[in-house]
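Input: a single structure, listed below in structure tokens.
The values are calculated or read from the model by the stated rules, or taken from the named source; none is laboratory data. Treat the numbers as computed from the prediction; the structure is a model and nothing was measured. Cβ coordinates were reconstructed from backbone atoms using ideal geometry, including for glycine residues, and neighbour counts include every protein chain displayed.
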Amino acid sequence: MSTTTQPADALTCVIAEDEALFRAALVKLLGEEWPALKIVAACEDGAEALDAIAANQPQLAFLDIRMPGLTGLDVAAAISEVSPQTAIVFVTAYDQYAIDAFDKGAVDYLLKPVDPARFRTTVARLKERLQRPANDSAIDPGLLQALIDKLGGRTQAADGEAPLTWITASVGRETRLINVSDIIYIQSDNKYTVVMTAESEALLRMPLTDILKRLDSGRFRQIHRSTVVNLHAVAGITRDESGRGTMRLKGRPETLAVSLSYMPFFKNM
């Protein structure tokens, strides 16, 4: 993630795009078409973007709909709580997603590859919207959530590849096959990725970001940039005065910290 320090009154933006070339192209286009807009973070995944949005409270966020782990839809769902005045632009390679997003109340959309004329139109719309009073420019949370719910099923169907059902991990010198449904949580730990079940701890030779691409997003949820939990293994969450959470687990004695940015995903628990 790249970051810069900007004046407090500058219009700011966070970009979330996992394709490095497109991310760089979007940064370049924004610099050319909207030099007054300051990009405070250009992120390669949704978890990084959500943290950046919570920390910087930008006026604008460009969110790729399909990313491993937290998708752009997931980040959008959390924005209403972590940074409610942040306006959203969905980025997608799928035209129908974009049309629905625009019609249902997202600020705007961009299609991949970006058409320069369409990009200029998007920038003009955003400038106009951001000049309105805050109450007039905010997205209706109910409409946005309805859109997120609708598109969530489509993105899973479009991915095509079935979620993992088994993984191969190491326990000491032994290699084991672990049923994904038995996993309680997965945690990135320096050079390793640790897989925790009720009975054991195993090491996985795969980065957490790669695992997220293959996990069932309906069952596994990030609670921290480095931690993913099986929702079926959650016993409960306690919130402290700052709004952060402590998660209790079924089948494990330890608790897990839930970052403030991720608490909106568990507001009904």
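Annotations for the structure displayed:
- Restricting the stretch 169-200 to residues that are without any contact (Cβ under 8 Å) to a residue 12 or more places away in the chain and touching a strand residue (DSSP E or B) at 6+ places or on another chain (Cβ under 8 Å), the residue that is farthest from M247 (Cα to Cα): T175
- Output for the stretch 207-244, where each listed residue is over 20 Å from the mean Cα position of the chain (by Cα), within 19 Å of W166 (Cα to Cα) and among the hydrophobic types (A, V, I, L, M, F, W, C): A233
- Within the stretch 18-47, the set of residues being buried (at least 21 other Cβ atoms within 10 Å of the Cβ) and assigned to a helix (DSSP H, G or I) comprises L26, G46, A47.
- On the stretch given as the stretch 31-41, residues that are in contact with a Cys (Cβ under 9 Å, 6 or more places away or on another chain) and touching a residue at least 40 places away in the same chain (Cβ under 8 Å) total 2.
- Summed over the stretch 53-73, residues that are part of a helix (DSSP H, G or I) and surrounded by fewer than 24 Cβ atoms within 10 Å (Cβ to Cβ) total 3.
Conditions (1) modelled with pLDDT under 95; (2) in the same structural domain as Q222 (by TED's automatic domain parsing); (3) surrounded by 15 or more Cβ atoms within 10 Å (Cβ to Cβ); (4) not charged (D, E, K, R), marked per residue:
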residue	(1), (2), (3), (4)
T175	yes, yes, no, yes
D182	no, yes, yes, no
I186	no, yes, yes, yes
D189	yes, yes, no, no
V195	no, yes, yes, yes
S200	yes, yes, no, yes
L204	yes, yes, yes, yes
P207	yes, yes, no, yes
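- In the stretch 245-262, the residues that are touching a residue at least 60 places away in the same chain (Cβ under 8 Å) and either part of a strand (DSSP E or B) or not small (G, A, S) (or both): L249, K250, R252, L256, L260, Y262
- Candidate set from the stretch 214-269 (those that are among the small types (G, A, S), closer than 19 Å to D189 by Cα and surrounded by fewer than 18 Cβ atoms within 10 Å (Cβ to Cβ)); member that is modelled with the lowest pLDDT: S226
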